[in-house]
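**Q** My questions will all concern the structure given below.
The values are calculated or read from the model by the stated rules, or taken from the named source; none is laboratory data. Quantities reported herein were computed from a predicted structural model and do not represent experimental measurements. For neighbour counting, all protein chains shown are included, and Cβ atoms are generated from backbone atoms with ideal geometry for every residue, glycine included. We work out accessible area using only protein heavy atoms, side chains counted, and drop any ligands, DNA or RNA first. Shrake-Rupley method; radii C 1.70, N 1.55, O 1.52, S 1.80 Å.
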Amino acid sequence: MNALLALRPWETPEVTSWGRLPMSAVDRRAGAMSLDGEWRFQLLPSPDASLSDLWSSTYVPGAWTLQDTGDLPQYTNVRMPFAEYPPSSPSENPTGVYEREVDVPAEWAGRRIVLQVGAAESVLLVEVDGRPVGISKDSHLAAEFELTPLVRPGSPATVRLTVVKWSDASHIEDQDQWWHGGITRSVLLYATDPLYLADVTVRSRADGELRVDCQVRHGGGALPDGWYVTGHLDGCEPLTQDPEFDRLNAEDERVSDFLGEARILATVPEVRSWTAETPELYDLTVRLHRPDGTVADTSHHRIGFRDVEIIGRDLLVNGERIYIRGVNRHDFHPLTGRTVSYHDMRADLVLLKRFGFNAIRTAHYPNDPALYDLADELGFYVVDEADIESHDHAHEIADDPRYLNAFVDRVSRMVLRDKNHPSIIIWSLGNESDYGANHDAAAGWVRRHDPTRPIQYEGAAKLDWAATDDASDLACPMYAPIEDCVAHALSGEQTRPLIQCEYSHAMGNSNGTLADHWAAIESTPGLQGGFIWEFWDHGILQHVTDGRPAGRSGAGLYDNGVAAPGYRWAYGGDFGETVHDGAFIADGIVFPDRTPKPVMYEHREIAAPVLLQSYRHEGLVVQNHQCFRGLDWLAARWELTLADGRTLTAPAELPDLRPGETAAVPLPFALPEDGGEAWVTLRVTTKDDEPWGPRGTEVCAPQLRLRAAAPTPRDATVTSGPPVEVDAEGLLVHPLLTAAPTLSLWRAPTDNDELGGMAPRWRTWGLDALVRKVVAVHEDDGRVTVHAEYAGTVGVVRHVQRFTPVEGGVRIEESAELPEAFADVARVGSVFETVPGLDLLEWFGQGPWESYPDRSAGAPVGHHRVPVDELFTPYLRPQESGGRHGVRHFTLSAPDATGLAVRLDEPRQISVTRYRATDLTAAAHHDELIPRSGCVVHIDAAHRGLGTASCGPDTSASYLIPTGIHRWTWTLRAL
Ligand code: GAL
Ligand code: MG
């Protein structure tokens, strides 16, 4: 048996590694030999099982759970997928054995040879030519092993990597995500000189001060005398070693035979400092020289000059109070799971930049090293989080000394690897692991090793936001109600910045009240933002017929958030797991294919770099809404939207404003006397190419109302002409409608409605199946009034429809009296269905994207036109979708311009989809929906806010529907 397996490291939490090299910030990716590609592979039922002669092959990097190996992904949130208590793991424990020959280049003779495994979950055992090399844990950090004594340059060596899926470490990797197994990041082999840079620590401050600390080792043992380091930084004089810090070459000060240290000090004149808005990077090259001046080793770094500090209750970057417009991001791809390419990570970050995000929490583990390079380059503030989440057994583990080593190991190795990234402004000790001595130990290590950055840990800070002596320098709650945050900031007790590590849970149709959060944040000193939960809907592309994950062969089998026919986005339970947490894994602001959900537009507007503040004295007030940049990188154009259908445009000159400043600019249009309601929009785009968006990329579109609507004159009643026709049931008969307007109080429950407990209540009340009874039908003067009752289980709604013939159509005045028993329903409004063929919606109101009463800040008022099939947002688990807020009037038309027109008495919530609420409620996945040929149209007198109650606060009281009488009037005409 494999000697390493005999140690049973998968059930020994004290063993975090064996034979593994110390982590360092020296990046060896460039110049390394990639071992990615096909490896021989066997999946054993347990680590104790014997290998067979039957090898298949599989691709590295990759999760074997997505590679047709028979072991499938499983999703659980809090609970562990097995019953064993820490530190035990189940006896059925899939174990992957990867093997390949590696040709060690002949020219590496005399060099030090190192194997790097980018990430393996959850225990990695390494052997070369049958000899044990090392062990590593932490599924999200690389492990390096020195192979020099084991391989012969010029000859092949057999590398075997054994990966045990379940272990003591799984109990501290209990993050809310899919469980996988495999080698999920690249494998490399590289060589260095025996004299090498073991670590490089860069401190670069906003004032241009630079300190580079180098650690040097010699693979052969004792360090030779006379080595030295030099550096090169773009645009600067050559950098030389600080003579005051020559700790190793002076015999008497030699610290160790194996470890040498040297320091470079410099001040960079006129430094361009780094911020997320201005990600100015400098190329730093550090060279280690042998005594004869030849270069033994080189390390490249892209560094940024910036300061981060907490003063009082403010988190400052370069002395300025910043806002954290953040998102939690998991490593995710719908085909490859946790294996993500550089290209994909770049696309994630580019998209976030385009939608105004400036911060990422690497929920909940260190990401691929390239992510931080990209964050440095594109400009993001990063909270780098250690791979520790013991959610299911949090309390036992936080103080369990058997896990002490693992906590310190995971946190310190993250810091050692990532410390030179300017983007990282905060270290996080992990997530949802209670709070114990193991955290304090890890925090102590970080505070000593890197005093330049604050630490955060939600589990510590949640006990008392105002504490000053725990393992967190910030109060970083999750899902705290806005009022609680504001109250804390106003209490006089606040001691540290409050930045929510998670807020605004994006599951399904969600993120209600995001704009209210930001109104509070920006008006309350002490509040600085937060990280939305989360970026991804983790739907895995799956064949519907046989349930297999599509894996790499699924490339391109999706578009616009929707899987191709025959495929679907799998969530918990779809791989046959009996223990799972369903669609809770689909809670992102983007679909599994990175298509933005409507909330992204909401966020973009909230984060707009330029705001329109007010309109007074014929002028508009423009504000620079950034922290560091001027407005000179933006181009803009004015747009005037008139209710009568006209849209005028005019060029815009953005004023020269420093961050936070405002200026009045003249209204660029003479406001026509006529035209009714009028809105001005500033369409802001990038003026030049930005690394994340070519010139002309839309950045925001702030809008102000210039003139309110004049009261609409009532359409004159037509007494001649065709009378209104109702059938025996008192239902309107109309040639364009296949289902007459009836009362609706129900929406297909959103995830928030379900998990927040509202939908179960609505079902108990019978709101999904109200029983309609006609009470009376009156006709008078061509007008028909229908009194009906809609009965639920606990109450009855009295509903009145009065139909009046008007020029070209019918006016419908409605009222519904909601009894006290129906406090807080989903909607009050009309629903009807149209004949097929009316495939285009044109409306005047908010749009063009989906919006709801508490998520409508990002949808400007305008004249919009969208094909009906594109109005619906394909949330993974079908639910209420496709709403448009603030609609004044709309038409639904066929290509020949026939169709219907609806005019509303005031701006209302509407939706036009191919689905009845019952269709949506009945389906579990988007692909199960069968579109109807006509349209299902809702016009709501009131529509409940969305909130975020699937995890966190519900919507605010102001977005709830009051009981009592609701009235609404609309006219329906044929086009
Ligand atoms: C948080 C947790 C996340 C995720 C989220 C709900 O409590 O930190 O990992 O589970 O809730 O989606
Ligand atoms: Mg959790």
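**Q** How about the range 389-423: which of its residues are within 30 Å of Arg205 (Cβ to Cβ) and in contact with a Phe, Trp or Tyr (Cβ under 7 Å, 6 or more places away or on another chain)?
**A** Across the range 389-423, the qualifying residues are Val408, Val411, Ser412, Val415, Asp418, His421, Pro422, Ser423.
**Q** Something else: Can you tell me which of (1) at pLDDT below 95; (2) within 16 Å of ligand 1 (Cβ to nearest atom) is the one Trp178 doesn't meet?
**A** (1)
**Q** Further question on the same structure: Checking Arg402 against (1) open to solvent by 40 Å² or more (accessible area, probe 1.4 Å); (2) farther than 28 Å from Gly62 by Cα; (3) in contact (Cβ under 8 Å) with a residue 40 or more places away in the chain; (4) within 16 Å of ligand 2 (Cβ to nearest atom): exactly one of these is not met. Which one?
**A** In the conditions (1) open to solvent by 40 Å² or more (accessible area, probe 1.4 Å); (2) farther than 28 Å from Gly62 by Cα; (3) in contact (Cβ under 8 Å) with a residue 40 or more places away in the chain; (4) within 16 Å of ligand 2 (Cβ to nearest atom), Arg402 misses (4) alone.
**Q** Taking the range 132-150, which residues are open to solvent by 10 Å² or more (accessible area, probe 1.4 Å), under 21 Å from Glu38 (Cα atoms) and part of a loop (DSSP other than H, G, I, E, B)?
**A** Within the range 132-150, Ala142 is the sole residue that qualifies.
**Q** Output the number of residues of the range 175-227 satisfying the condition of being within 16 Å of ligand 2 (Cβ to nearest atom) and either open to solvent by 20 Å² or more (accessible area, probe 1.4 Å) or in contact with a strand residue (DSSP E or B) (Cβ under 6 Å, 6 or more places away or on another chain) (or both).
**A** The qualifying residues number 3.
**Q** Still on this model: Does Ser433 qualify as being within 24 Å of Ile397 (Cα to Cα), crowded, with 24+ Cβ neighbours inside 10 Å and within 16 Å of ligand 2 (Cβ to nearest atom)?
**A** So Ser433 fits the description; yes.
Residues checked against (1) among the aliphatic types (A, V, I, L, M); (2) under 30 Å from Thr717 (Cβ atoms); (3) open to solvent by 20 Å² or more (accessible area, probe 1.4 Å):
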{"site": "Leu871", "(1), (2), (3)": "yes, no, no"}
{"site": "Pro874", "(1), (2), (3)": "no, no, no"}
{"site": "Pro878", "(1), (2), (3)": "no, no, no"}
{"site": "Thr891", "(1), (2), (3)": "no, yes, yes"}
{"site": "Leu900", "(1), (2), (3)": "yes, yes, no"}
{"site": "Ala923", "(1), (2), (3)": "yes, no, no"}
{"site": "Gly934", "(1), (2), (3)": "no, yes, no"}
{"site": "Ser950", "(1), (2), (3)": "no, no, no"}
{"site": "Ile965", "(1), (2), (3)": "yes, yes, yes"}
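**Q** Any chance the range 465-472 includes a residue that's within 16 Å of ligand 1 (Cβ to nearest atom) and closer than 28 Å to Thr275 by Cβ?
**A** Yes, the range 465-472 contains at least one residue that is within 16 Å of ligand 1 (Cβ to nearest atom) and closer than 28 Å to Thr275 by Cβ.
**Q** Would you call Asp384 in contact with a Phe, Trp or Tyr (Cβ under 7 Å, 6 or more places away or on another chain), away from ligand 2 (no atom under 16 Å from the Cβ) and either open to solvent by 10 Å² or more (accessible area, probe 1.4 Å) or touching a residue at least 40 places away in the same chain (Cβ under 8 Å) (or both)?
**A** yes
**Q** Name the single residue that is nearest to Lys419 (Cα to Cα) among those in the range 448-462 being in a loop (DSSP other than H, G, I, E, B) and either open to solvent by 20 Å² or more (accessible area, probe 1.4 Å) or of a type in the set (D, E, K, R) (or both).
**A** Within the range 448-462, the match that is nearest to Lys419 (Cα to Cα) is Asp450.
**Q** Which is under 24 Å from the mean Cα position of the chain (by Cα), farther than 23 Å from Ile135 by Cα, open to solvent by less than 10 Å² (accessible area, probe 1.4 Å) and within 16 Å of ligand 2 (Cβ to nearest atom), of Ser428, Ser423?
**A** Exactly one of Ser428, Ser423 is under 24 Å from the mean Cα position of the chain (by Cα), farther than 23 Å from Ile135 by Cα, open to solvent by less than 10 Å² (accessible area, probe 1.4 Å) and within 16 Å of ligand 2 (Cβ to nearest atom), namely Ser428.
**Q** Quick check: anything in the range 527-543 more than 16 Å from ligand 1 (Cβ to nearest atom), among the acidic types (Asp, Glu), part of a loop (DSSP other than H, G, I, E, B) and within 23 Å of Pro73 (Cα to Cα)?
**A** There is no residue in the range 527-543 that is more than 16 Å from ligand 1 (Cβ to nearest atom), among the acidic types (Asp, Glu), part of a loop (DSSP other than H, G, I, E, B) and within 23 Å of Pro73 (Cα to Cα).
**Q** A further question follows. Could you list all residues from the range 476-500 that are under 26 Å from Asn752 (Cα atoms) and open to solvent by less than 20 Å² (accessible area, probe 1.4 Å)?
**A** Passing the criteria: Cys476, Pro477, Ala480, Cys485, Leu498, Ile499, Gln500.
**Q** If you don't mind, another one. Anything in the range 308-343 that is open to solvent by 30 Å² or more (accessible area, probe 1.4 Å) and either within 23 Å of Gly529 (Cα to Cα) or in contact (Cβ under 8 Å) with a residue 12 or more places away in the chain (or both)? List them, or say none.
**A** Glu309, Ile310, Ile311, Gly312, Arg313, Asp314, Asn318, Gly319, Glu320, Arg321, Tyr323, Tyr342
**Q** Keeping to the range 527-548, report how many residues are over 23 Å from the mean Cα position of the chain (by Cα) and either touching a residue at least 12 places away in the same chain (Cβ under 8 Å) or within 16 Å of ligand 2 (Cβ to nearest atom) (or both).
**A** Residues meeting the conditions: 5.
**Q** Identify the residue in the range 463-475 that is charged (D, E, K, R) and surrounded by 13 or more Cβ atoms within 10 Å (Cβ to Cβ) and, among all such residues, is nearest to Ser956 (Cα to Cα).
**A** Selected residue: Asp464.
**Q** Return yes or no: is Asp392 open to solvent by 30 Å² or more (accessible area, probe 1.4 Å) and within 16 Å of ligand 1 (Cβ to nearest atom)?
**A** yes
**Q** Considering only the range 608-657, how many residues are modelled with pLDDT of 95 or more, among the aromatic types (Phe, Trp, Tyr) and closer than 14 Å to Pro702 by Cβ?
**A** Residues meeting the conditions: 1.
**Q** Here is a further query. Among Ala823, Ala859, Ala816, which is the only one that is open to solvent by 40 Å² or more (accessible area, probe 1.4 Å) and at pLDDT 95 or above?
**A** The match here is Ala823.
**Q** So, in the range 493-526, of the ones that are touching a His at 6+ places or on another chain (Cβ under 7 Å) and part of a strand (DSSP E or B), which residue ends up nearest to ligand 2 (Cβ to nearest atom)?
**A** The qualifying residue nearest to ligand 2 (Cβ to nearest atom) is Tyr503.
**Q** Follow-up question, since we're still on this one. If a residue counts only when it is open to solvent by 50 Å² or more (accessible area, probe 1.4 Å), which strands (runs of 3 or more DSSP E) contained entirely in the range 624-711 have at least 2 such residues?
**A** It comes to 647-652, 662-666, 703-707.
**Q** Right, something else. Can you tell which of Gly356, Gly379 is away from ligand 2 (no atom under 16 Å from the Cβ), of a type outside the set (Val, Ile, Thr) and in contact with a Cys (Cβ under 9 Å, 6 or more places away or on another chain)?
**A** Residue meeting the stated conditions: Gly356.
**Q** Sticking with this structure for a sec: Looking at the range 799-821, I want the residues that are without any contact (Cβ under 8 Å) to a residue 40 or more places away in the chain and have a partner that is crowded, with 22+ Cβ neighbours inside 10 Å and among the acidic types (Asp, Glu) with Cβ atoms under 7 Å, at least 6 apart or on another chain. Which pairs are those?
**A** Val800/Glu814
**Q** I'd like the residue in the range 154-174 that is surrounded by fewer than 20 Cβ atoms within 10 Å (Cβ to Cβ) and either assigned to a loop (DSSP other than H, G, I, E, B) or of a type in the set (Val, Ile, Thr) (or both) and, out of all such residues, is farthest from ligand 2 (Cβ to nearest atom).
**A** Gly154
**Q** For the range 516-557, name all the residues that are open to solvent by 30 Å² or more (accessible area, probe 1.4 Å) and closer than 30 Å to Asp314 by Cα.
**A** Across the range 516-557, the qualifying residues are Asp516, Ala519, Glu522, Ser523, Pro525.
**Q** List the strands (runs of 3 or more DSSP E) that sit entirely inside the range 286-401 and contain at least 3 residues that are in contact with a His (Cβ under 7 Å, 6 or more places away or on another chain), modelled with pLDDT of 95 or more and farther than 26 Å from Ile499 by Cβ.
**A** none
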